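In what follows, a single structure is set out as structure tokens and then discussed.
The values are calculated or read from the model by the stated rules, or taken from the named source; none is laboratory data. Because the structure is predicted, anything quoted here is derived from the model rather than measured. As a convention, Cβ positions derive from the backbone with ideal geometry for all residues, glycine included, and neighbour counts pool all protein chains shown. To get the accessible areas, we keep the full protein, side chains included, count just its heavy atoms, and leave off ligands, DNA and RNA. Shrake-Rupley method; radii C 1.70, N 1.55, O 1.52, S 1.80 Å.
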Amino acid sequence: QASVLLVTRRGVLEDSGCVWCSVKMKAVILIGGLDILRPLTLSLPQPLIEFCNKTLLLHQLEALKAAGVTDVVLCVNEKNLPKSWSDVIARYEAELGMRMQCSMERASLGTAGPLKLAQALITNDGSSREPFFVLNGDVLCSFPLKDMIHTHLKHGGIGTVMTTRNDNPSKYGVVVADEKSGQIQHFVNRPETYVSDLINGGLYIFNVEIFSHIPGGERASMNDMLPQMAMDGSLYHLESKGYWVKMTDVRTFLSAVGPQLEMTRFLQPSQLSPSSGAAVPSSTQIVGNVLIDASATIGTDCKLGPDVVIGPNCVVEGGVRIEKSTIMSGVTVEAHAVVHDTLVGWNSRIGSWAWVTSSILAEDVVVKTGILLNGATVLPHKELSVSVRQPQILI
């Protein structure tokens, strides 16, 4: 393998065929609003909600670990944390072999302010000048982190933004960049007229010089800081061709399941049925990508898929049809029920011959035998004995 000598404004960083492997980087995860995935967040904060049988936080941590990161700072607002937070963090530290520290906001500091608050943790009280990752806690994607490291070290600017193409760019921060150099020329937040379909993907690498751009002790926004950095010529981008989703609500959560399972099919096909450890009767048909936890019980003569996730300790009885749906842990789906385009929350029960479509059920919801739900959003601990034929929220 040919040796690569990489020279940036910071000097020679690597003389190896792998330019990123000796760079020791930390990562910061910005965990903002913890309740946007309602009604699921009535039971758990957003980072601890399972997506494809792993918490959203664990998806990000595993991606960081795969990129060589072993030190993570979590920026959170202390008033939003559940009592179980410390136990979860300790478990992930042990399972992943990562060091995890929390930077606690006592008042909301916006999207850039938390970085300033955590400066001492990120820089080891000023002794470290290595670049570091920053991830928005509500973003899931194919995480091209190693490519971002390579790009960042090559251009030598202060920041690298992961970008992606989007059909509705006016909802996001839009980037205009030089096609050859990757240097960002303009950064416009939610433009009212079309500027570009290249958007800010919510993943960054920053040098420690970034802290001079963030005021201390007050709210500060990425949407104010990034345009100024673009004007200064210190911001570059890496366009990701993989899938990307910002978890704004449960509908975006469900829409991301298909791409995530397709990526699993490509990278780890043994995790999907029928190759996974879950016991599936020969009379049950698997259609497309289906992820079933090994502890789930699947009945005979079912039809599952495509884009189906069945969580731990679920029971799916005989003759059930599930497609384009996520079934959280501890759920029972009784015989001959149909579940389509729906999220079923923890420990819920779908009665036999029920038909549930385009609905969102929170924790511990009981749907009685033969009930039809169409477009229902149901809050926790409810029992439904009357059909819902038009979309509505059931409190």
Checklist line | Selection count where residues are of a type in the set (Asp, Glu) and either over 15 Å from the mean Cα position of the chain (by Cα) or modelled with pLDDT of 90 or more (or both), scope segment 22-52 | finding: 1
Check: Where residues in segment 342-366 are within 17 Å of GLY318 (Cα to Cα) and touching a Gly at 6+ places or on another chain (Cβ under 9 Å), which of them is surrounded by the most Cβ atoms within 10 Å (Cβ to Cβ)?
Finding: ALA354
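Among the strands (runs of 3 or more DSSP E) confined wholly to segment 108-221, which include 2 or more residues that are more than 19 Å from CYS75 (Cα to Cα), at pLDDT below 95 and more than 24 Å from the chain's Cα centre (by Cα)?
Per the criteria, 173-177, 184-189.
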Note to self: I'm trying to understand the selection: among the residues of segment 209-230, which are touching a strand residue (DSSP E or B) at 6+ places or on another chain (Cβ under 8 Å) and of a type in the set (A, V, I, L, M, F, W, C)?
What the structure shows: ILE210, MET222, LEU226, MET229, ALA230
Item checked: When residues of segment 51-73 are limited to those that are among the polar types (S, T, N, Q) and not in a helix (DSSP H, G or I), the one nearest to GLN101 (Cα to Cα) -> THR70
Check: Would you say ILE210 is out of contact with any helix residue (DSSP H, G or I) (no Cβ under 6 Å at 6 or more places or on another chain), buried (at least 20 other Cβ atoms within 10 Å of the Cβ) and under 21 Å from GLY110 (Cβ atoms)?
Finding: yes
Notebook entry, point to check: In this structure, does VAL339 turn out to be closer than 21 Å to GLN46 by Cβ, open to solvent by less than 30 Å² (accessible area, probe 1.4 Å) and among the β-branched types (Val, Ile, Thr)?
Noted result: no
Checklist line | Inter-residue pairs, beta-carbon under 7 Å, first open to solvent by 20 Å² or more (accessible area, probe 1.4 Å) and in segment 241-264, second basic (Lys, Arg), 6+ apart | finding: THR252/LYS246
Notebook entry, point to check: Do you know which of the residues in segment 90-107 that are open to solvent by less than 20 Å² (accessible area, probe 1.4 Å), under 15 Å from LEU30 (Cα atoms) and not acidic (Asp, Glu) is nearest to the chain's Cα centre (by Cα)?
Noted result: MET100
Next item on the list: Enumerate the pairs (first residue in segment 379-393 and under 19 Å from LEU42 (Cβ atoms) and in a loop (DSSP other than H, G, I, E, B); second residue anywhere and of a type outside the set (Ser, Thr, Tyr) and open to solvent by 90 Å² or more (accessible area, probe 1.4 Å)) with beta-carbon separation below 8 Å, excluding pairs fewer than 6 apart on the same chain, so at least 6 apart or on different chains.
Entry: LEU379/ILE393; LEU379/ILE395
Notebook entry, point to check: Of the conditions (1) β-branched (Val, Ile, Thr); (2) under 24 Å from TYR172 (Cβ atoms); (3) part of a helix (DSSP H, G or I), VAL76 fails just one. Which one is it?
Noted result: (3)
